[in-house]
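This report refers to the structure that appears directly beneath it.
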Amino acid sequence: MARQFWAQIVIVAGLLGSATAPPALADVCTPAHVCIVQFYANTFAQAAIAEGKAVGVGVGVAYNNEVVYTNAFGLADAKSGTAFTTDTKFEIASSTKVFTTNLLEQWVYNGWLSLSNRLSQFSSALGTLKPLTGEVTLEELADFTGGFPRYAPLCKNNPKVPGCIPSIQPTTAQYTAEDFLEYFQNAVPENYDKKPPTVVSKLPAPCSYSNFAIGLLGLPLPDQMQINEASLLGWFLGPARKLSNRLLIE
């Protein structure tokens with residue numbers, strides 16, 4: 001339901017080029033097309049809450065690479081009654097894949113990276129990898145043919161696996177960047193079409209959807225430009241965001 005609602009906002013924002021801003025709004029907000037998007041985004045957000053389609057909704061409007069308006073409606077936690085504010089942090093789940101893969105495309109387009117670059121070329125960001133793991137290319141990470149699982153194994157089922165995860169969605173306090181890298185530094189590409197999976201002798205491996213692979217793909221990007229992740233996303237979106245609580249698992 002939330003995905004459907006956000007799609008509606010995007011469509012409305014794209015269709016309002018010839019619309020007219022409400023007179024009261026036009027008096028306090030410029031330029032006009034920014035006011036229009038702001039007005040309709042707020043309207044849809046409030047309607048979504050009133051109609052029970054969402055508990056809380058955050059709204060942001062960016063113009064010329066600058067965030068010019070933010071607002072929040074409803075609750076962040078219905079059970080506790082916690083208000084949704086513009087500072088509320090929440091997971092955006094696989095939406096991070098859009099940012100990571102789009103950044104990869106831009107890096108490749110500008111000639112800063114190649115899809116054929118191997119993981120072994122990013123030792124400053126990834127450390128020492130197993131030989132075949134080091135041969136995995138950025139393209140194979142992006143198209144899920146690197147031979148990696150959806151997640152690292154759960155520690156309760158596989159406590160001896162380096163970099164195992166304590167839960168399916170651990171926080172960065174429970175599962176650190178060091179834990180994440182420890183998994184890949186000890187992992188080897190496998191064929192996840194087999195039950196149980198078997199180690200592959202060559203790449204690409206059979207396609208297997210992997211949140212962890214896209215998470216790993218994101219690590220060489222800021223390292224390549226020698227900037228931190230917040231600055232990298234700022235380059236992509238405009239003003240940099242604080243990302244200290246972002247999950248590494250994409």
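Please work out if VAL37 is at pLDDT below 90 and touching a Pro at 6+ places or on another chain (Cβ under 6 Å).
On the way: at pLDDT below 90: yes; touching a Pro at 6+ places or on another chain (Cβ under 6 Å): no.
Judged against the criteria, VAL37 is not a match.
Any idea how many residues of segment 38-79 are within 24 Å of LYS89 (Cβ to Cβ) and part of a helix (DSSP H, G or I)?
Counting residues in segment 38-79 that are within 24 Å of LYS89 (Cβ to Cβ) and part of a helix (DSSP H, G or I) gives 8.
Which ones in segment 166-180 are outside any loop (DSSP other than H, G, I, E, B) and in contact (Cβ under 8 Å) with a residue 24 or more places away in the chain? Reasoning before the result, please.
The initial filter retains those residues of segment 166-180 that are outside any loop (DSSP other than H, G, I, E, B), namely 177-180.
Those that are outside any loop (DSSP other than H, G, I, E, B) and in contact (Cβ under 8 Å) with a residue 24 or more places away in the chain: ALA177, PHE180.
With a cut-off of at least 1 residues that are closer than 16 Å to LYS202 by Cα, name the helices (runs of 4 or more DSSP H) lying wholly within segment 81-152.
Values: elements: 95-109, 123-126, 131-134, 138-142.
Filter on segment 81-152 gives 131-134, 138-142.
Does LYS97 count as among the basic types (Lys, Arg) and either in contact with a Ser or Thr (Cβ under 6 Å, 6 or more places away or on another chain) or surrounded by 15 or more Cβ atoms within 10 Å (Cβ to Cβ) (or both)? Lay out the reasoning, then the answer.
Numbers: among the basic types (Lys, Arg): yes; either in contact with a Ser or Thr (Cβ under 6 Å, 6 or more places away or on another chain) or surrounded by 15 or more Cβ atoms within 10 Å (Cβ to Cβ) (or both): yes.
Yes; evaluated as a whole, the condition is true for this residue.
Could you run through segment 52-66 and say how many residues are loosely packed, with under 14 Cβ neighbours inside 10 Å and not small (Gly, Ala, Ser)?
Residues that pass the stated criteria total 3.
Within the group TYR151, TYR175, which residue is within 12 Å of PHE212 (Cβ to Cβ) and buried (at least 20 other Cβ atoms within 10 Å of the Cβ)? Steps first, please.
Details: TYR151 fails: buried (at least 20 other Cβ atoms within 10 Å of the Cβ).
Result of the check over TYR151, TYR175: TYR175.
Okay, residues lined up against (1) modelled with pLDDT under 95; (2) among the hydroxyl-bearing types (Ser, Thr, Tyr); (3) crowded, with 18+ Cβ neighbours inside 10 Å:
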| position | (1), (2), (3) |
| --- | --- |
| THR101 | yes, yes, no |
| TYR109 | yes, yes, no |
| LEU113 | yes, no, yes |
| LEU119 | no, no, yes |
| PHE122 | yes, no, yes |
| LEU126 | yes, no, yes |
| LYS130 | no, no, no |
| GLU135 | no, no, no |
| PHE144 | no, no, yes |
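For a quick check of your reading of the model, give me the residue pairs whose first member lies in segment 82-95 and is among the basic types (Lys, Arg), whose second is assigned to a loop (DSSP other than H, G, I, E, B), with beta-carbon atoms closer than 8 Å and at least 6 apart or on different chains.
LYS89/ASN245
Where residues in segment 49-63 are hydrophobic (A, V, I, L, M, F, W, C) and within 15 Å of ALA78 (Cα to Cα), which of them is farthest from the chain's Cα centre (by Cα)?
ALA50
Can you confirm whether segment 74-84 contains a residue that is within 27 Å of THR171 (Cα to Cα), of a type in the set (Val, Ile, Thr) and either modelled with pLDDT under 90 or touching a Gly at 6+ places or on another chain (Cβ under 8 Å) (or both)?
Of the residues in segment 74-84, the ones within 27 Å of THR171 (Cα to Cα) are 74-84.
From what's left, of a type in the set (Val, Ile, Thr): 82.
If we keep only those that are either modelled with pLDDT under 90 or touching a Gly at 6+ places or on another chain (Cβ under 8 Å) (or both) too, we end up with none.
For segment 74-84, residues within 27 Å of THR171 (Cα to Cα), of a type in the set (Val, Ile, Thr) and either modelled with pLDDT under 90 or touching a Gly at 6+ places or on another chain (Cβ under 8 Å) (or both): absent.
The values are calculated or read from the model by the stated rules, or taken from the named source; none is laboratory data. All values reported here derive from a predicted model rather than from experimental measurement. Cβ atoms come from the backbone with ideal geometry, glycine included; neighbour counts cover every protein chain shown.
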